[in-house]
Each structure stands twice: as C-alpha cells, then as structure tokens.
Amino acid sequence: MKAHYDDTRQHILDTGKRIIAGKGFSCVGLTEILQTADVPKGSFYHYFKSKEQFGQALIEDYFACYLERVDTLLTNPAYPARGRLLRYWQQWVDTQCTGCTDQKCLVVKLSGEVADLSEPMRLALRDGTEGVIRRLAGCIAAGAEDGSLPALPPRETAETLYQLWLGASLLAKLHRTATPLEQAMAATERLLAPASEPAAA
C-alpha cells in the first residue's frame, strides 16, 4: 500500500509539472491537474496541504531530477571539463528552443511569477539554482586542473554563465526565436576558450 501512495504522489507531481511548464503556476487550478491525472481531490490533500505546498514539492522534485542529469553530464569522464560544460549548454539550447515541448525549465517559467507569490516556492527555486551553480563551479575548477579551461574564478564564472543563460532563455521566449540562445552559446564558448587558443581578431 505504501508503494501505491508513493506512485500516486509522484503521478500528481509529474502531471502538474507538465501542465505548469506550459501554462505557469497561477493559471492552473487543482481541478485541471487532478482531472488530467485522474486522481480524486482527497488523494491530493493526502499528500499536499495546499496548492502552495504542492508547488514547493513540484519544484523540489524538478530539481532532484534535473540535478541528476546535470551530474551525469558534468562528471562524464569521456570528455574534458570544457567539453562537459559545452554539452550541458547545448542541451539547454536543445530543450529551450522555439517549438521544444519537453523538459522546459521551471526556473525560467516560474521565477518571476512565484518569487513574490510564495516564500516556500521562492526558497525552493533559490536552493535548486544554487545546486546548479555549485556543480558548474566544480566543473570549471576541474577544467583548470585538466587544462581544458583557463584559470577562471569558478564561482563567479558559474554565476555569470547561469545568469547569461537564464536571460537568454527569457528573451528566446519573448521573441520566439533561438537567436538569444545561440548568442549565449557563442559568448560561453568565448569565455571558456582554452588559454592556448589565440583570441579572435
């Protein structure tokens, strides 16, 4: 019976994630989520006391899954650190471009909407993004050690890159074009250019 409860909770979260990734948090009611998930309202309140608590759990679950994928990309021994970072950013391009329907970034979707709406959700987003930045910083430090990157300040560089890509993702949504993401990739490649490569004229 416990396994059934765990599956039902995850099913509600997965269903809500798909809907909210497309419509946002405020525009989606519990009725839509529960009807889509084919779960009675009583089951929802068995796991979540409120829509806000559901939103917090959804963000935490999103980051738990996302950070597993980040770890897989950024620790892959088949590539030097620079290559691992560029593969990470290329995946960002592939999943945030115009017309992409899967794996939309909930940070891009929800940050502006819920930061002033819910403190628990804001903190869940803050903690999740901190986890991403910390992993990027670790990979940047590894790049200096393996020689694939110049000696960059890891934390500062990770924050700069993450901010660049969040902004590019928002502009890509506004203009419905992949150009901001392509420009972010070009800027990232310049910033992460190995010290041995001559600067472009």
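The values are calculated or read from the model by the stated rules, or taken from the named source; none is laboratory data. Here the structure is a predicted model, which is why all the values come from computation and not from measurement. Counting neighbours? That spans all protein chains shown, and the Cβs are built from the backbone with ideal geometry, glycine included. To get the accessible areas, we keep the full protein, side chains included, count just its heavy atoms, and leave off ligands, DNA and RNA. Shrake-Rupley method; radii C 1.70, N 1.55, O 1.52, S 1.80 Å.
Quick notes
- Members of region 134-186 that are open to solvent by less than 50 Å² (accessible area, probe 1.4 Å) and β-branched (Val, Ile, Thr): Ile140, Thr157, Thr177
- Counting only helices (runs of 4 or more DSSP H) that fall entirely inside region 1-77 and contain at least 3 residues that are open to solvent by less than 60 Å² (accessible area, probe 1.4 Å), touching a residue at least 40 places away in the same chain (Cβ under 8 Å) and not hydroxyl-bearing (Ser, Thr, Tyr), the qualifying elements are 2-23, 51-74.
- Checked against the criteria, Arg18 does not count as among the charged types (D, E, K, R) and in contact with a helix residue (DSSP H, G or I) (Cβ under 6 Å, 6 or more places away or on another chain).
- Some residue of region 181-195 being under 30 Å from Gln56 (Cβ atoms) and either modelled with pLDDT of 95 or more or touching a helix residue (DSSP H, G or I) at 6+ places or on another chain (Cβ under 8 Å) (or both): yes
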